[in-house]
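A short worksheet on the structure shown next.
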Amino acid sequence: MGLQFPRILAALFAMSISTSFAPIAALADPDSLEENLAEYLALTREALTRDSVRAFLRDIFREEQVHFFDTIREAEGEAPRTRDVSETQFLLLLRENPELVPMLKQYMASVPRTVSETESDALTQRRETWAQKFKHALDKPGIKEKFGELGDPTVPLELNSPDSPNAYKDVKFYVNHPWKMNGVSQPVTNLKQLWIEQIRQASEVMMNVYEFDLDDIADELIAKCQEGKPVSVGIDLKVMDDKPGTKRIYEKLKGTCVDVVAVDAVRINHQKLLVTDWSNPLKAKVLMTSGNPTQSCIGPEGDLPNANPRPPESLPNANHAVTLTGQTLALLIHHELTKTLKEPYRLKGRQYPLGGTYKIHGAPFASAFQGPKKNPEVQTPHVLMAFAPNGAFNAVGKNVIGRIIRETSGPVLMAQFAFSSNWVEQALLARAKKEVKKTGVFDFKFVGETSFAMMDWSIPLKISGLALERTETSKRYYELTDSEWKKALGAAGLANLRRMIRTAPREYRATKVNVNGEDIVIVAKQHHKAFVTGKRGSVRYGSTGSFNISTGAEENQEVIAAFLDERVSEGLTGMIQTLHAAGRSSVYDEAQRRNRMGGIEDMVDVNSTEKSGVPRSSAPCDQNLRREQP
């Protein structure tokens, strides 16, 4: 038997269900949590990655869990797939009962993580003794009632307060292609150099990425490690079979003092995260980006860095990045990456504890977009964070993205590499109905990676009222006779919406170029995973990270960061509007073109170049993400 918690914890599962973010404010003063955050995260990580602890918690709270999840099912039509205690709930437990902390430390030091079939009688008795100690410690009046006041556990848990010295600040937004904000051209950033500069200035480094082939960044990591600084790196294992450049970098790092891990994810290890100096409240810094550290993704020269002259079509994938400082956010990301990269964890799939959603406050700042009422939510920025797999109660698409979309008003803008989540589609449909009822119009703009926007699983295709029929020899797009969107918006409303759902600008495609007399196929993609929802000067979220709005992303290693912060949402708005204005065509018009052309996709079909004898310059960034989709 593992660590036993008494039924007092059942209050965690008796929380009322809410469909609003409002309960966030009801969570008690987070200062005690913030002051001990590093310690509490470590205890949570250690406790909830013990199978015996999780199994016992599920068992002892069986009745309360059934009630809690049945309530969710009644309200939302479905419930989380697991009935574990989440990390956010466990953190609340520690915050409200700090006397547990020294006991947990002693327990974990004296009782092994796993239960052995050959375990001695003495060790079994030790487990039982500890179980009784914890039951006695928590068996006091008022705890159940106190937890019952905390609200819906699927709402974000505050990790700091707005006036905290660890509130995030120094927010900067970067884009690696031409873009405008409020009609003014903005700088184009070398995203590779962002990685290099942050690593160079750091005293401790941890990063996790899908693929990685840039020697400049690898050399910086090795140099930092040789200074005696801790450096941990995660790279997806499966991608190395297809990307020799990534395998080469892995082997290069493996032969040094860098602690590099080939992450064996259930699907793919898709994060693009760098955290540095998380132990230092004055230097802690985070980099979140949509692009992998590869030449194709963020190298400013695109696929042909050594070509002279370089064809103008050789461009990096369209990507962006956000950097910010602040220890609270850095500690959270370090906690999440530790579960993937460090022993004794190195988790996979369902080994990850059930996760919630986190709210991290930023320092107040003067914004030109606060509006005449100076909305306090806008004046005190924050970011909502969730991590897959198992994040946001196993439903990032529903409990983070969908929830934000449903509960904001005004324009919705999206730039998505891949979009297949039915949860998010239903949230958009509900939002469209609400906006049409209120204002007569649904202000929606979408720009997607062309090849994925035209797939049979594509939600942009479905919103456009279309579906794709495939046979062994052909494919054809056809009109959906039972389109929910047509029913909601009417024929004229759907026609207007179709014009706003666009494929990527023409430069983002597979192109055949001639270099020194040799024909080569190069590829550039619209690789952003971003959306903005809400009105300027009011509640407006701008979301970034690695999380494609897809079904498969729920089981990947992913991160999503939704900022109620004009420094991010204004930048994302300008970036998406620029891409949208330059979009090659609507998804609807592209479907009609392909029907006329017998299903021909692009000027060059990148998947058939080997058959035609035309070599590719390299394997394109994220080429294997088709397996991520349904």
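The values are calculated or read from the model by the stated rules, or taken from the named source; none is laboratory data. Remember, it's a predicted structure, so these values are computed and weren't measured experimentally. Glycine gets a Cβ as well: all are built from the backbone with ideal geometry, and neighbour counts include every protein chain shown. Surface areas here come from the heavy atoms of the whole protein model, side chains and all, with no ligands, DNA or RNA. Shrake-Rupley method; radii C 1.70, N 1.55, O 1.52, S 1.80 Å.
Skip the ligands, DNA and RNA, and give the accessible area per residue of the range 554-599 with a 1.4 Å probe, whole Å².
Per-residue value: 28 Å².
Using only alpha carbon positions, build the gyration tensor of the range 227-275, then give the equivalent ellipsoid semi-axes as the square roots of 5 times its eigenvalues, largest first, whole angstrom. Spell out each step's value before the answer.
On the way: eigenvalues 76, 38, 13 Å².
Equivalent ellipsoid semi-axes, largest first: 20, 14, 8 Å.
Which of the peptides 187-196, 315-324 is most tightly packed, and how do the rest follow, going by the mean number of other Cβ atoms within 10 Å of each residue? Show your work: numbers first, answer last.
On the way: 187-196: 17.9, 315-324: 25.0.
So the peptides 187-196, 315-324, ranked by packing, come out 315-324, 187-196.
Over the range 319-460, how many percent of alpha carbon pairs lie in each 10 Å bin up to the one with the longest distance?
Histogramming the range 319-460 at 10 Å steps yields 10, 27, 37, 22, 5, 0 percent.
Give or take rounding to whole Å, what are the principal axis extents of the alpha carbon atoms in the range 289-348, in descending order?
The principal-axis extents, from largest down, are 49, 26, 15 Å.
In whole Å, how far is the Cα centre of the range 220-236 from that of the range 311-364?
Cα centroid to Cα centroid, the span is 17 Å.
Using just the Cα positions, wrap the range 269-321 in a convex hull and report its mean projected area in square nanometres, one decimal place.
5.0 nm²
State whether the range 468-573 is rounded, prolate or oblate according to the following rule on the C-alpha gyration tensor (a ≥ b ≥ c being the square roots of its eigenvalues): a/c under 1.5 gives rounded; otherwise a/b larger than b/c gives prolate, and the remaining case gives oblate.
Details: a/c = 1.85, a/b = 1.15, b/c = 1.61.
Judged from the Cα gyration tensor, the range 468-573 comes out oblate (a/c at least 1.5, b/c at or above a/b).
Please calculate the 1.4 Å probe accessible area of residue 256, with all protein chains present, and give it to the nearest 10 Å².
The accessible area of residue 256 comes to roughly 40 Å².
Quick check: net charge around residue 318, other residues with Cβ under 10 Å of its Cβ, Lys/Arg +1 and Asp/Glu -1?
Values: positive: 525; negative: 449, 507.
Every neighbour counted, the sum reads -1.
Apply the Karplus parameterisation 6.51 cos²θ - 1.76 cosθ + 1.60, with θ equal to phi minus 60°, to every residue of the range 397-411 and state each ³J(HN,Hα) to the nearest whole Hz, in sequence, with x for glycine and proline.
x, 8, 8, 10, 5, x, 5, 4, 4, 5, 9, 10, 9, x, x
Looking at this model, which pairs from 475/525; 283/342; 359/462 are more than 31 angstrom apart at the alpha-carbon?
In this structure, 359/462 lie more than 31 Å apart at Cα.
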